[in-house]
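Asker: This is the structure I want to talk about, given as structure tokens.
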Amino acid sequence: MTVPTLSFNDASDADDAGEYMWEEDLRKLAREQEEYERARMESAQTLRKAAYALMEKAAAEADSGERNRLIEQARLKLRLAHDPRPQSRQVLERQEQIIARSCGRPAVLLRPSLPGHRETYHTGPECGLISGKGRHLEDSSWAPVGEAEAAGYRPCERCGTQA
């Protein structure tokens, strides 16, 4: 999973970064939900048309075995029309959960930490566990808490308990 980030210099503090990112995430989610609904309706309509065609074909069929097979295919298509894009729906539901987990919380800093702790996020630039060459705030980026956690980051042992 890729974590969308905001450059450290683009936000004044964790609250500012968090608010900006939630607004962006919510706008993006709304666009994706609209696209999903459009695609879902098109898929459902296509499945229903195919089911109706199978039922008409079954009505004209003289062989009862073939008629029953066509009717069963039509029933299957009608059941699929209720939720024709389950994977897309599940992805959107997961995104909603991540955004809800981040909403109302400050963003966190993703940046290199001590060796072996690269999957750690920090709640602010003051954390004493950041050290070494190349570990400057300019190398950092803000990310929503929920998305950082969903990508496998965990809270810093020193500063992460405040997030």
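The values are calculated or read from the model by the stated rules, or taken from the named source; none is laboratory data. Note that the structure is predicted; figures quoted are calculated from it, not measured. Neighbour counts run over all protein chains shown; Cβ positions are idealised from the backbone, glycine included. The protein model used for the area step is the full one, side chains on, heavy atoms only, and it has no ligands, DNA or RNA in it. Shrake-Rupley method; radii C 1.70, N 1.55, O 1.52, S 1.80 Å.
Asker: List the residues whose amide H sits under 5 Å from the amide H of V108, counting only those 5 or more places along or on another chain, with H placed 1.01 Å from N in the peptide plane.
Answerer: Residues meeting the criterion, in which the H sits 1.01 Å from N, are A143, V145.
Asker: Please list E93, E157, E32 from largest to smallest accessible area, probe radius 1.4 Å, with all protein chains kept in place.
Answerer: E157, E93, E32
Asker: Mind listing which trypsin sites (Lys or Arg not before Pro) in the range 37-121 are in a DSSP loop and have 15 or fewer other Cβ atoms within 10 Å?
Answerer: In loop regions of the range 37-121 (DSSP not H, G, I, E or B), the sparsely surrounded trypsin sites (Lys or Arg not before Pro) are R118.
Asker: Can you give the FRET efficiency for Q90 and K49, using 1/(1 + (r/R0)^6), R0 = 35 Å, r = Cβ-Cβ distance, to the nearest 0.05?
Answerer: Efficiency, rounded to the nearest 0.05: 0.85.
Asker: In what sequence, largest accessible area first, do V91, V108 appear using a 1.4 Å probe?
Answerer: V91, V108
Asker: Still on this structure, I have one more. Non-local amide H neighbours of Y121 (under 5 Å, H modeled in plane, Pro and chain starts lacking H): which ones?
Answerer: Here the answer is R154, C156, since their amide H atoms fall under 5 Å of that of Y121.
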